[in-house]
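The values are calculated or read from the model by the stated rules, or taken from the named source; none is laboratory data. Model, not experiment: these values are computed from the prediction. Positions of Cβ are backbone-derived with ideal geometry, glycine not excepted, and every protein chain shown enters the neighbour counts. Protein only, heavy atoms only, side chains kept; ligands, DNA and RNA dropped before computing areas. Shrake-Rupley method; radii C 1.70, N 1.55, O 1.52, S 1.80 Å.
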Amino acid sequence: MEKEIISWIYEAAEKIKTGLGSALKVDEKSDRTDLVTNVDKEVQNFLVEKINTYDPDAKILGEENGLDQTPIDEGRVFVIDPIDGTMNFVMQQENFCIMVAVYEDGIGQLGFIYDVMRDELFWGGARVGKVFYNRKEISVPKNKQLKQGLIGMNAALYRHNFHHAQDIGNKSMGIRILGCAGLEFIAMIKGTQIGYISMLSPWDYAAGKIMMDQLGMPSYGADQQSLTFRKRELFIGGTEAAVREIQAFNQENQ
Ligand code: 2AM
Ligand code: CA
């Protein structure tokens, strides 16, 4: 299965790069900063077609084209985000990812995050028992505390100190805002960031969570409960030590 998915992702990346070379059709969704392009939609349709041919019984949960309500826990579900970081795609022509995840009855099996312009694929999970950076196996990142590392955040959470995001950031070496959930997950998996706090939809965290699980890095949603895969929700994840500190801080300062 992983071989097929990797080949779809590389093919999708070629479509995205071709799309960058021609005029993008950019539309606003909920507001002027919530964008979708013709390439997001085309690449999602391409991935859907590949999945349907490979496994006609599988269900698909995806950001675009009305696939955003599929339950995670009924049989095999592919979770796809054709372009994660659409704003970066439009404004920077880099710093965006393709993300694919496979869940079976709600249990994460395989996650894939592809940084298209850097040609860096991070993938793995329970089905293969490992996480890879291209062909190289990744080792478990050091279990650093907040004060020992950089932490990724969503700008709105930080600005308003929601869920004590600013206070937590102040305990770290510094915050980073990358504008692409996939890149934040890559940074945690590589060990260059110790955590990530954001408001994410299921396709934003599905692939990254599977790889974090495999590396023993915890993640959870609102009220210190499991992520629901149903809506946009609080996401907190990182090294075991950093996540425990964040949980303790939030409990003490409710
Ligand atoms: P996207 O480009 O696929 O929408 C920072 O903006 C990160 O949050 C990106 O990964 C982006 O993914 C995601 N994001 C932005 N707006 C969002 C929204 N309204 N709901 C969920 N995720 C969002
Ligand atoms: Ca997207």
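Couple of notes before you dig in:
- Number of the condition not met by VAL131 [criteria: (1) modelled with pLDDT of 95 or more; (2) more than 16 Å from ligand 2 (Cβ to nearest atom); (3) open to solvent by 80 Å² or more (accessible area, probe 1.4 Å)]: (3)
- Conditions (1) within 21 Å of ILE113 (Cα to Cα); (2) assigned to a loop (DSSP other than H, G, I, E, B); (3) away from ligand 1 (no atom under 12 Å from the Cβ); (4) open to solvent by 30 Å² or more (accessible area, probe 1.4 Å); number of the one not met by ASP68: (3)
- Looking across the stretch 5-49, the residues that are part of a helix (DSSP H, G or I) and open to solvent by 70 Å² or more (accessible area, probe 1.4 Å) come down to TYR10, GLU11, GLU14, LYS15, LYS17, THR18, GLY21, LYS41, GLU42, ASN45, GLU49.
- Residue match in the stretch 55-65 (condition: open to solvent by 70 Å² or more (accessible area, probe 1.4 Å), within 16 Å of ligand 1 (Cβ to nearest atom) and in the same structural domain as GLY106 (by TED's automatic domain parsing)): yes
- Any hit, the stretch 69-78, residues being under 24 Å from PHE185 (Cα atoms) and of a type in the set (Asp, Glu): yes
- Residues that are away from ligand 1 (no atom under 16 Å from the Cβ) number at least 3 in the following helices (runs of 4 or more DSSP H) confined to the stretch 104-219: 165-171, 202-214.
- Criterion (in a strand (DSSP E or B) and either at pLDDT 95 or above or under 26 Å from ASP213 (Cβ atoms) (or both)) met by exactly one of ASP57, ASP81: ASP81
- Out of ALA187, ALA222, one residue alone is at pLDDT 95 or above and either open to solvent by less than 10 Å² (accessible area, probe 1.4 Å) or not assigned by TED's automatic domain parsing to the domain that holds TYR103 (or both). It is ALA187.
- All conditions in (1) open to solvent by less than 30 Å² (accessible area, probe 1.4 Å); (2) hydrophobic (A, V, I, L, M, F, W, C); (3) in a helix (DSSP H, G or I) hold for MET91, with the sole exception of (1).
- Residues that are more than 16 Å from ligand 2 (Cβ to nearest atom), under 22 Å from GLY85 (Cβ atoms) and more than 15 Å from the chain's Cα centre (by Cα) do not occur anywhere in the stretch 233-241.
- A Cβ distance below 6 Å, combined with a sequence gap of six or more or placement on separate chains, defines the contacts here; from the stretch 55-76, residues that are touching a residue at least 24 places away in the same chain (Cβ under 8 Å) reach residues that are open to solvent by 80 Å² or more (accessible area, probe 1.4 Å) in the pairs ASP73/ASP105.
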